[in-house]
Amino acid sequence: MKVKIHREGTNILIVVMLIMIVINLSAWMFIRPAVIPIVFSSISAILYLLIVNFFRSPRRTFRGDRENVVVSSVDGTVVALEEVFEPEVLRRKVRMVSVFMTVFNVHANWFPVDGEVLLVRHHRGRFLSAYLPKASIENERSTVLIRATNGQEILVRQIAGAVARRIVTYAEPGDAANIEDHMGFIKFGSRVDIYLPLDAEVFVKIGDKTTGGVSVIARLRNNPDD
C-alpha cells in the first residue's frame, strides 16, 4: 500500500507552509527570549504534520473475492446500522450503514462496489454534527447512485459536518465504478452513508472500525431478475 498526498491538499499544504515560514522567521528574528520562538516552531511543526496526515492518500488494492461484495467507502467507525426509508433518490426502504470519520482518518472516499454510476446529485443543507442521525437528510451532502455489476442499486451519501464544509465528488453519471478508485473527498472530519438492499448480508456492527476500499461491510444477494 503506497501513501501520497491527496491532490485536494496540495495547495493547502503549500499555503500553510508559507504562512508558517513567515511567522516562525519573524519570531526568531524579533522575539526574545529564545524559548518563545522554539515553542512557536515546535507547535507549527506539530500542526503541519497533522495537516499532512489528514491529506494522506493511500493507494489500496482489494485482494478478496469481488463478486457481489460491498466495501467501506471510508476509514472510520460504524455509527449507525439500521433499516430506513430513503426519501430523496431510491424512495424505498433500505439498509443503511453509516461510517463516521474523525480528523485523524484518511478522508479520501472510495466506490463501495464495482459497477456504473447512474446519478450524482448535490443537496444544500445545514452543517450539524455529522454524528447526529438527522445529518443524513438535513446536512449539506452529495449523493452517488451506482448500479452494481449484479444489477442492484447502491447509494452512497457524502455528508458534511460542523467542521467539514467541503465535499468533493469525482464521480459522474456514466463513469465506471471500481472499489479501488476514489469516488471523492471530504475535508476535515465527516460521515458517509451507504444504502444497501434489504436482503444484503451485512458483516459489520456499530463500533467496528473500517478501512476504505478494503473492509468488506456487506455482500449483495444475486439479482433475482438474472
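Quick notes
- For the residues N11, N53, the requirement of being of a type in the set (S, T, N, Q) and either in contact with a Pro (Cβ under 7 Å, 6 or more places away or on another chain) or surrounded by 12 or more Cβ atoms within 10 Å (Cβ to Cβ) (or both) singles out N53.
- Every test in (1) assigned to a loop (DSSP other than H, G, I, E, B); (2) touching a Leu at 6+ places or on another chain (Cβ under 7 Å); (3) not charged (D, E, K, R) is passed by N105 save one, and that test is (2).
- Hits in region 73-102 (condition: out of contact with any Gly (no Cβ under 8 Å at 6 or more places or on another chain), closer than 12 Å to R157 by Cα and not in a loop (DSSP other than H, G, I, E, B)): E86, M96, V97, S98
- Taking the criterion of being among the charged types (D, E, K, R), over 22 Å from R221 (Cβ atoms) and either buried (at least 21 other Cβ atoms within 10 Å of the Cβ) or touching a strand residue (DSSP E or B) at 6+ places or on another chain (Cβ under 7 Å) (or both), the residues of region 104-126 that qualify are R121, R126.
- Qualifying residue in region 63-74 (condition: buried (at least 18 other Cβ atoms within 10 Å of the Cβ), farther than 21 Å from S142 by Cβ and assigned by TED's automatic domain parsing to the domain that holds K205): yes
- Screening V39 with (1) in a loop (DSSP other than H, G, I, E, B); (2) modelled with pLDDT of 90 or more; (3) out of contact with any Pro (no Cβ under 9 Å at 6 or more places or on another chain) gives one miss only, at (1).
- Just one of (1) within 25 Å of G174 (Cβ to Cβ); (2) touching a residue at least 24 places away in the same chain (Cβ under 8 Å) fails for V78. It is (1).
- Summed over region 1-43, residues that are among the hydroxyl-bearing types (S, T, Y) and closer than 30 Å to I167 by Cβ total 1.
- Residue satisfying condition, being part of a strand (DSSP E or B) and either acidic (D, E) or at pLDDT 95 or above (or both), within set V168, V192, V144: V144
The values are calculated or read from the model by the stated rules, or taken from the named source; none is laboratory data. Note that the structure is a prediction, hence the values are computed from the model and not measured. Backbone-built Cβ (ideal geometry, glycine too); neighbour counts: all protein chains shown.
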